[in-house]
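Participant: Questions regarding the structure given below will be posed in turn.
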Amino acid sequence: MDEKELNAPVSNQFLESVSTVLTQARKAAKTAVNLSMVYAYFEIGRMIIEEEQHGQDRAAYGKQILKALSDYLTKIHGKGFSPENLKLMRRFYTVYSHDQIGETVFTQFENLPAVSTGRKFFLSWSHYLKLMRISNVDERHFYEIESVKNDWSLSELKRQYDSSLYERLALSTDKDKIYRLALEGQTIETPQDAVKDPYVLEFLGLPELPEYSESELESRIIDHLQQFLLELGTGFAFVGRQVRFTFDEEHFMVDLVFYNRLLRCFVLFDLKIGELKHQDIGQMQMYVHYYDRKMKLPEENPTIGIILCKDKNNAVVEMTLPEDNSQIFASKYETVLPSKEDLQRLLEEQQN
């Protein structure tokens, strides 16, 4: 080997590949440890409840058990076993001992163990601390499924819950499909499944501005593209902003272009900061027709167009679009987190 070969730099790709293998292994090990602790906490909760049932004065004996067990475990295993934390483990068992979830959506976790009730756990203890505070069982199942499917961090789970994702999807879907949210999470099979109303964009920080333009709204979305993609949902990939095309010697710009790999189609967004007008719908119809006729491949599905507006008149939308419309949608956007109570009330009214 000559001196030139000895002094040749090591490939960055090689270094990064080795580092990636190590990072993935550490992540897998950390995940395995976290899941093991979740199963252990379930068993601890079960053992506490069974021991409490032995005492005649269960309330008094329960406090005695928690104090004694806390002291003992802390002495042997260190921090993390305060009476308050032991109460959470007891509550965890109480919530999940009679709880089952549609595990068929998690085929990649078939080898996970199950507790005595047949229940499996897929998330970290921190996730379950958040989930078990959700009293609505269907809603709780929905957020658990979505957290697993989309690999949500705890902060993203909290953000999606605070933005009332469950209620927004339920309000946006057919009445007969709402039950599927608790069984499968968000399923994207039709264009309607990919659309929310409203979209919540509180992460853009726009409420701090007294007024803003459509270009400012677009720039903020690009600056927070990762969060916007999470808000859009499963399967979306960014294609471009201000995507230009020329038709009949006139130039047009589509504000934002995405592709949804599940629906296998382009998804176009047009941004409007005011109330939606029928001319805006006509413009989106032209964009969609152009993409269908000039851009999409024969094997791809029809283009979807979503007009994102601050306000809209549903009657205008309904009368402007054809009755069998399945390509063009108008959705409001919110720059602050919506009232969960108001959305729950609307959902109840819709279901009655």
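Taken together, the values in this text are just the output of simple stated rules run on the coordinates, not laboratory data. All of these numbers come straight from a predicted model, not from anything done at the bench. Counting neighbours? That spans all protein chains shown, and the Cβs are built from the backbone with ideal geometry, glycine included.
Participant: If I model the range 117-266 as equal point scatterers sitting on the Cα atoms and use the Debye formula, what is log10 I(q)/I(0) at q = 0.13 Å⁻¹?
Facilitator: -0.70
Participant: A 30 angstrom limit on the alpha carbon distance is what I want to check against. Which of Lys175/Lys312; Lys87/Lys158; Lys79/Lys120; Lys175/Lys340; Lys158/Lys296 exceed it? Before the final figure, lay out each step's value.
Facilitator: Numbers: Lys175/Lys312 22 Å; Lys87/Lys158 22 Å; Lys79/Lys120 26 Å; Lys175/Lys340 19 Å; Lys158/Lys296 37 Å.
Violating the 30 Å Cα-Cα cut-off are Lys158/Lys296.
Participant: Okay, next question. How big is the range 87-187 in terms of Cα radius of gyration and Dmax, in angstroms?
Facilitator: Rg then Dmax for the range 87-187, in Å: 13.3, 40.
Participant: Compute the distance in nm between two label points, each set 7 Å from the Cα along the Cα-to-Cβ direction, one at Gln53 and one at Ala114.
Facilitator: Reported label-point gap for Gln53 and Ala114 is 2.1 nm.
Participant: For Lys79 and Asn313 in the same chain, what is the full-extension length gain: residue separation times 0.36 nm, less their Cα-Cα distance, in nm? Walk me through the numbers on the way to the answer.
Facilitator: Numbers: separation 234, 0.36 × 234 = 84.24 nm, distance 5.66 nm.
Value of the extension gain: 78.6 nm.
Participant: Here is a further query. Pairing the Cα long axis of helix 340-351 with the longest principal axis of the chain, what angle in degrees results, from 0 to 90 and rounded to the nearest 10?
Facilitator: With rounding to tens, the tilt is 70 degrees.
Participant: Next question. Sorted from largest down, what three extents in whole angstroms do the Cα atoms of the chain have along their principal axes?
Facilitator: Principal extents (largest minus smallest coordinate, Cα): 84, 82, 43 Å.
Participant: If contacts are Cα pairs under 8 angstrom and at least 6 residues apart, what is the relative contact order of the range 254-352 in percent?
Facilitator: Dividing the mean separation by the residue count of the range 254-352 yields 27 percent.
Participant: What does the extension gain come out to for Asp174 and Glu214, with contour length at 0.36 nm per residue minus their alpha carbon separation? Before the final figure, lay out the partial values.
Facilitator: Details: separation 40, 0.36 × 40 = 14.40 nm, distance 3.12 nm.
Difference between extended and current length: 11.3 nm.
Participant: Note the angle between two axes, namely the Cα long axis of helix 137-150 and the longest principal axis of the Cα atoms of the chain, as a number of degrees from 0 to 90, rounded to the nearest 10.
Facilitator: Between the helix axis and the principal axis of the chain, the angle is about 70 degrees.
Participant: Right, here's the next one. Average projected area of the Cα convex hull of the range 234-305, in nm²?
Facilitator: For the Cα atoms of the range 234-305, the hull's average projected area reads 5.3 nm².
Participant: Taking the simple approach of a point 7 Å from Cα along Cα-to-Cβ for both Leu297 and Gln242, what is their distance in nm?
Facilitator: So the two model labels end up 3.0 nm from each other.
Participant: Rounded to two decimals, what is Rg over Rh for the range 270-328 when you use alpha-carbon atoms and the Kirkwood radius?
Facilitator: Details: Rg = 12.2 Å, Rh = 12.2 Å.
Result for the range 270-328 is an Rg/Rh of 1.00.
Participant: Direction-averaged shadow area of the convex hull around the Cα atoms of the range 181-287, nm²?
Facilitator: Numbers: hull surface 32.5 nm².
Over every viewing direction, the Cα hull of the range 181-287 projects on average to 8.1 nm².
Participant: On a 0 to 90° scale, report how tilted helix 58-77 is relative to the longest principal axis of the chain, with both axes built from alpha carbons and the result rounded to the nearest 10.
Facilitator: 90 degrees
Participant: If you stretched the chain out fully between Leu88 and Leu337, how much longer would it get, using 0.36 nm times the residue separation minus the C-alpha to C-alpha distance? Each step should come with its number before you reach the end.
Facilitator: Numbers: separation 249, 0.36 × 249 = 89.64 nm, distance 2.84 nm.
Residue separation times 0.36 nm, minus the Cα-Cα distance, leaves 86.8 nm.
Participant: Follow-up question, since we're still on this one. Note down the relative contact order for the chain as a percent, whole number, built from C-alpha pairs under 8 angstrom at least six residues apart. Show your work: numbers first, answer last.
Facilitator: Details: 418 pairs, mean separation 46.4, N = 352.
Once normalised by length, the contact order is 13 percent.
Participant: Between Ser326 and Met253, what is the label-point separation in nm under the 7 Å Cα-to-beta-carbon projection?
Facilitator: Label at Met253, label at Ser326, 3.4 nm between them.
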